[in-house]
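Written out below as structure tokens is the structure these notes cover.
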Amino acid sequence: MNNPDQPVIPEHTLDRDCTTLSRHVLQQFPSFSAEAQDISAIMNRIALAAKLISRRLSRAGLMAGTLGFTGETNVQGESVKKMDVYANEVFISVFKQSGLVCRLASEEMEKPYYIPENCPIGRYTLLYDPIDGSSNVDINLNVGSIFSLRQQEGNDLNAEARDLLQDGHKQIGAGYVLYGPSTVLVYSLGQGVHSFILDPSLGEFILAEENITLPAHGPVYSVNEGNYWQWSESIREYIRYVHRHEGYTARYSGALVGDFHRILLQGGVFLYPGTVKKPEGKLRLLYESAPLAFLVEQAKGRASTGFQDLLDIVPDKLHARSPLIIGSTEDVQLVESFIQDWTRRVSEQTAVTSS
Ligand code: AHG
Ligand code: MN
Ligand code: MN
């Protein structure tokens, strides 16, 4: 019943347009507490970083000094692109003098970056991959940013940051930004997964979908099959299985964020397994795999290494890597069954030969 003293508001459209990211974050908390305000402010800063990166990407081909490599190599041994450096600095810049985040840790920095002026009050650490899918930057294909928020524990203000070497359940929140035809921000604070689209005319991220859930199975398998020659037989067996059964389709963009986004919305599985020579694979645990695992579990999917839940892994160093199998529960289970059956067969054979 409308209150005759109140103006009549066209409910659906206007209310939706006003559901901005910061308002939505505040709604995740039972009260307007200091924590709620801090986390809402942190998400706002991440959104500002996303807007700055999105703006630069949209003009990258027109601006000098934006595309291509810097000539440097990062701590991962990978060639650094100019956009990697820019996006990394954007995150530092938006959090400086914010009073929100004491420490930043990124794929592009060997050691965590401390913002001492924030530390007395900003008891959080933000871990991030500033540009995910860097090989797509120069050809105008989708890239992303990934982030993970953790509580700052102890007073470890030296560069070791041992308190970060904990499992993925310790994340307070996580998310990513996908720079595609539109810029999409997806996040979770442990109460469902929600997506927002940047409305350039407003300069705001507006709610697109709340409580996203994955189907238990989807047709997509997403993997770099060029690595077939380097895989263990278990992964090869899985790939041969999907090749020989109806109902599967391959999709792989070279940017984890884009491939994961498709699976989050439509189901299926993304995998970046280890190789025989590098069993830990390529993806970094703390700022690539663990945040996406946090999201997928919130969306009723699963993330695994093949042997254990990805969120249970405790890294031994900041830039530790881990195999990743992520997506719909049934599809992740199928990959795990190939890995575990093969491992069991090998250990049985080894036992027979050595007896
Ligand atoms: P980054 O650009 O942050 O180094 O990450 C690249 C990652 C990930 O986005 C993608 O899924 C994967 O590397 C692609 O690797 P391959 O080229 O080996 O398939
Ligand atoms: Mn990445
Ligand atoms: Mn990156």
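The values are calculated or read from the model by the stated rules, or taken from the named source; none is laboratory data. Quick caveat: nothing in here was measured; it's all calculated off a predicted structure. Cβ atoms come from the backbone with ideal geometry, glycine included; neighbour counts cover every protein chain shown.
Let's see how each residue does on (1) touching a Gly at 6+ places or on another chain (Cβ under 9 Å); (2) in contact (Cβ under 8 Å) with a residue 24 or more places away in the chain; (3) in the same structural domain as H169 (by TED's automatic domain parsing):
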| residue | (1), (2), (3) |
| --- | --- |
| S182 | no, no, yes |
| L185 | yes, yes, yes |
| L189 | yes, yes, yes |
| G192 | no, yes, yes |
| R240 | no, no, no |
**Message:** Any residue that is on the phi < 0 side of the Ramachandran plot, outside any helix (DSSP H, G or I) and either assigned by TED's automatic domain parsing to the domain that holds L286 or free of Cβ contacts under 8 Å to residues at least 12 places away in the same chain (or both) - is there at least one of those in the range 82-90?
**Reply:** no
**Complete:** The one condition E110 fails out of (1) part of a loop (DSSP other than H, G, I, E, B); (2) within 14 Å of ligand 1 (Cβ to nearest atom); (3) acidic (D, E) is (2)
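Here's the yes/no breakdown for (1) more than 16 Å from ligand 2 (Cβ to nearest atom); (2) assigned to a strand (DSSP E or B); (3) within 22 Å of P279 (Cβ to Cβ):
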residue	(1), (2), (3)
G226	yes, no, yes
Y238	yes, no, yes
Y241	yes, no, yes
G247	yes, no, no
S253	no, no, no
L264	yes, no, no
**Asked** What number of residues in the range 148-186 are of a type in the set (D, E), in contact with a helix residue (DSSP H, G or I) (Cβ under 7 Å, 6 or more places away or on another chain) and at pLDDT below 95?
**Response** 2
**Request:** Among the residues of the range 59-81, write down those that are part of a helix (DSSP H, G or I) and without any contact (Cβ under 8 Å) to a residue 60 or more places away in the chain.
**Result:** L62
**Asked** For the range 198-224, what are the residues that are among the β-branched types (V, I, T), within 21 Å of G175 (Cβ to Cβ) and not in a strand (DSSP E or B)?
**Response** I212, T213
**Prompt:** If you go through the range 299-355, how many residues are touching a residue at least 24 places away in the same chain (Cβ under 8 Å) and either over 30 Å from V186 (Cβ atoms) or part of a strand (DSSP E or B) (or both)?
**Reply:** 12
**Complete:** When Y113 is run through (1) within 16 Å of ligand 3 (Cβ to nearest atom); (2) of a type in the set (F, W, Y); (3) modelled with pLDDT of 95 or more, the failure sits at (3)
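Here is a yes/no grid of residues against (1) under 22 Å from the mean Cα position of the chain (by Cα); (2) crowded, with 17+ Cβ neighbours inside 10 Å:
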{"position": "D15", "(1), (2)": "no, no"}
{"position": "F32", "(1), (2)": "no, no"}
{"position": "D38", "(1), (2)": "yes, yes"}
{"position": "I53", "(1), (2)": "yes, yes"}
{"position": "N88", "(1), (2)": "yes, yes"}
{"position": "S98", "(1), (2)": "no, yes"}
**Message:** Within the range 276-297, take every residue that is farther than 24 Å from I131 by Cβ and in contact (Cβ under 8 Å) with a residue 40 or more places away in the chain and give me the one that is farthest from ligand 3 (Cβ to nearest atom).
**Reply:** V276
